Amino acid sequence: MLTVVWAYRRTGKFAFHVLTGALETDPRTAAVPIEFANGVDAVVAAITNALAAPGARVLVGWSFYSPDAIEMTAELQAVKARIDDARVLHVCGGVHASAEPEATLRAGWDLVAIGEGERLVRDLVLCVQHGGDARAVPGVAALVDGVLRKNGRAERIALDDFPPFGPAHGRYGPIEITRGCIYACRFCQTPYFAGASFRHRSVANVREWARWLVGRGFRDFRFLTPTSLSYGTFAPEPDLAAVEALLAGVREDIGPDRKLWFGTFPSEVRPEHCSDASLRLLKRWVSNRALILGGQSGSDRVLASSARGHDSACIERAVALCVEHGFVPHVDFLLGLPGEEPDDVEATLALMDRLVTKGAKVHGHTFLPLPGTPFRKAPAGALSAEVRRRLRNLASKGQLYGQWEQQEVTAQAMVEVRSRQRRGGDSGGSDSSALNVR
Ligand code: SF4
């Protein structure tokens, strides 16, 4: 009998909910026991319990973001040090593993699942249940005689074909309304993992899940999308009629008193999508009065080299419009982007200063050279003492928040691991063929 154990951590939990939903909704895999095990002790306990059954096999699923790779590798090694059993298969999927299959396998995982997980997890579970060779499953990569062998990539899915979470297991999350992104920002993993085009969940499907959540007593409704106002479009121009159909429809289903969050955590709005028309529409339907805007830099040169598709004046216009329409804009900035010169840094800090005087808040990040992106080989984002001082000054006034200090340390650690992998003979670089850049 096969048991699935998710190595379930806070940062990647929604991915496991989606995979759980994929298994639940296929009659061939719906009865497979699934355990959610948070931390080494819990994973070891779940595996031990599962192995007690006669004929047991255990598939331990791991998924995490690149900044967590070092910590999660340590967890895998701790689990394997306590349970070394051929009946247990450790499989790693997600954005990081898809970009770095060889490094992930050499770190100790038995298999890597490349690409989107919904179909792949079903195929993998069915294969292991029937005693097949998991390495033959489409999208699975393995080391064979020490050499990376890939078996293509998992098929991209239509969002309507799968639930947005694992309802039968009571594992919920935001409803994913759009996957993939046409804006190939050079620091971002999304388009390189999920494709440089939009796939949208239909309004009818979103509403069906919203009604389902209403029936379970939910009062807050959030959506997952790379760019909120791109819902329903396949081009850079927003389709506001599609956005309104979505928001008005969900509002009808959830009623006037429940909260409808859109353009805020866990998604954001591109600055050039802010207009009188789009902000009036949001004001009419959404509950949030904060909007998260992607700004990233105050330097037009850096914005262009990062392929952001807008300039710094556009960020200022968006902030002014948001404030005019009664929203508090929270603007994301990435410090330490590749190629930044002192003038670029000054332009970013000066823009932050101007925006906060207009009523914005700044969400500060430090650039991470993420696997799978065009900037994967860039140096770690680093901040000068003067930049740190000015950021702390903004933070002390409540005008800036974020993990920028911790991310500077993480970026440095990621680059050190990359260097060690190179010295050890593993390229450690991303494998863009695995990511299906379009
Ligand atoms: S940063 Fe946002 S807009 Fe740019 S590619 Fe990533 S998800 Fe798309």
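The values are calculated or read from the model by the stated rules, or taken from the named source; none is laboratory data. Treat the numbers as computed from the prediction; the structure is a model and nothing was measured. All Cβ positions, glycine included, derive from the backbone under ideal geometry; neighbour counts span all protein chains shown.
Check the stretch 180-195 and report whether any residue there is in the same structural domain as G295 (by TED's automatic domain parsing), over 15 Å from the mean Cα position of the chain (by Cα), over 15 Å from E116 (Cβ atoms) and among the charged types (D, E, K, R). So far as the stretch 180-195 goes, yes, one or more of its residues are in the same structural domain as G295 (by TED's automatic domain parsing), over 15 Å from the mean Cα position of the chain (by Cα), over 15 Å from E116 (Cβ atoms) and among the charged types (D, E, K, R). In this entry, V32 is excluded by the filter for residues that are within 18 Å of the chain's Cα centre (by Cα), farther than 21 Å from T73 by Cβ and touching a residue at least 40 places away in the same chain (Cβ under 8 Å).
Only one entry in G170, G180 is on the phi > 0 side of the Ramachandran plot and crowded, with 17+ Cβ neighbours inside 10 Å, namely G180. Tell me, please, whether a residue that is away from the ligand (no atom under 16 Å from the Cβ) and part of a strand (DSSP E or B) can be found in the stretch 300-319. No, because not a single residue in the stretch 300-319 is away from the ligand (no atom under 16 Å from the Cβ) and part of a strand (DSSP E or B). If the condition is being in contact with a Phe, Trp or Tyr (Cβ under 6 Å, 6 or more places away or on another chain), within 21 Å of R216 (Cα to Cα) and within 16 Å of the ligand (Cβ to nearest atom), then the stretch 151-194 contributes P174, I177.
Annotation: V5 fulfils all but one of (1) part of a helix (DSSP H, G or I); (2) within 22 Å of the chain's Cα centre (by Cα); the unmet one is (1). When the stretch 396-424 is filtered for residues that are touching a residue at least 12 places away in the same chain (Cβ under 8 Å), in a helix (DSSP H, G or I) and either loosely packed, with under 14 Cβ neighbours inside 10 Å or hydrophobic (A, V, I, L, M, F, W, C) (or both), the ones remaining, listed by number, are W404, A411, A413, M414, V415, V417.
Out of curiosity, is T233 surrounded by 17 or more Cβ atoms within 10 Å (Cβ to Cβ), within 16 Å of the ligand (Cβ to nearest atom) and over 20 Å from the mean Cα position of the chain (by Cα)? So T233 fits the description; yes.
From V328, V319, V323, which residue is crowded, with 24+ Cβ neighbours inside 10 Å and either in contact with a helix residue (DSSP H, G or I) (Cβ under 8 Å, 6 or more places away or on another chain) or farther than 26 Å from T373 by Cα (or both)? Give the derivation first.
Details: V328 fails: crowded, with 24+ Cβ neighbours inside 10 Å; V323 fails: crowded, with 24+ Cβ neighbours inside 10 Å.
Of the residues listed, the single one that is crowded, with 24+ Cβ neighbours inside 10 Å and either in contact with a helix residue (DSSP H, G or I) (Cβ under 8 Å, 6 or more places away or on another chain) or farther than 26 Å from T373 by Cα (or both) is V319.
On the stretch given as the stretch 382-395, residues that are assigned to a loop (DSSP other than H, G, I, E, B) and closer than 22 Å to A360 by Cβ total 1.
So for the stretch 205-220 (the condition being under 24 Å from the mean Cα position of the chain (by Cα) and within 16 Å of the ligand (Cβ to nearest atom)), does at least one residue qualify? No - not one qualifying residue is present in the stretch 205-220.
Could you tell me whether any residue of the stretch 188-199 is surrounded by fewer than 19 Cβ atoms within 10 Å (Cβ to Cβ) and in contact with a His (Cβ under 9 Å, 6 or more places away or on another chain)? Before the answer, list the steps.
The initial filter retains those residues of the stretch 188-199 that are surrounded by fewer than 19 Cβ atoms within 10 Å (Cβ to Cβ), namely 196-197, 199.
Retained after the next criterion (residues that are in contact with a His (Cβ under 9 Å, 6 or more places away or on another chain)): none.
No - not one qualifying residue is present in the stretch 188-199.
Between L213, L246, the distinction of being buried (at least 18 other Cβ atoms within 10 Å of the Cβ) and closer than 24 Å to I182 by Cβ belongs to L246 only.
Looking across the stretch 249-275 at every residue that is part of a loop (DSSP other than H, G, I, E, B) and among the small types (G, A, S), the one that is surrounded by the most Cβ atoms within 10 Å (Cβ to Cβ) is identified as G263. Taken over the stretch 242-293, the criterion of being charged (D, E, K, R) and within 16 Å of the ligand (Cβ to nearest atom) is satisfied by E268, R270, E272.
Of all residues in the stretch 363-376, which are in contact with an Asp or Glu (Cβ under 8 Å, 6 or more places away or on another chain) and buried (at least 24 other Cβ atoms within 10 Å of the Cβ)? Before the answer, list the steps.
Just the residues of the stretch 363-376 that are in contact with an Asp or Glu (Cβ under 8 Å, 6 or more places away or on another chain), to begin with: 363, 365-366, 371-372.
If the condition is that a residue be in contact with an Asp or Glu (Cβ under 8 Å, 6 or more places away or on another chain) and buried (at least 24 other Cβ atoms within 10 Å of the Cβ), then T366, P371, G372 are the ones that fit.
Beta carbons closer than 6 Å, at least 6 apart along the sequence or on distinct chains, pair a first residue in the stretch 248-270 that is touching a residue at least 40 places away in the same chain (Cβ under 8 Å) and more than 10 Å from S287 (Cα to Cα) with a second that is within 16 Å of the ligand (Cβ to nearest atom) and part of a helix (DSSP H, G or I) for S267/S228; V269/S228; V269/L229.
Would the stretch 301-309 turn up any residue that is in contact with a helix residue (DSSP H, G or I) (Cβ under 9 Å, 6 or more places away or on another chain), among the basic types (K, R), modelled with pLDDT of 95 or more and in the same structural domain as I175 (by TED's automatic domain parsing)? Yes, that holds for at least one residue. Taking A53, is it without any contact (Cβ under 8 Å) to a residue 40 or more places away in the chain and either under 26 Å from the mean Cα position of the chain (by Cα) or within 19 Å of V125 (Cα to Cα) (or both)? In short, no.
Highlighted here are the strands (runs of 3 or more DSSP E) found entirely within the stretch 65-159 that include at least 1 residues which are among the charged types (D, E, K, R) and crowded, with 17+ Cβ neighbours inside 10 Å: 147-150.
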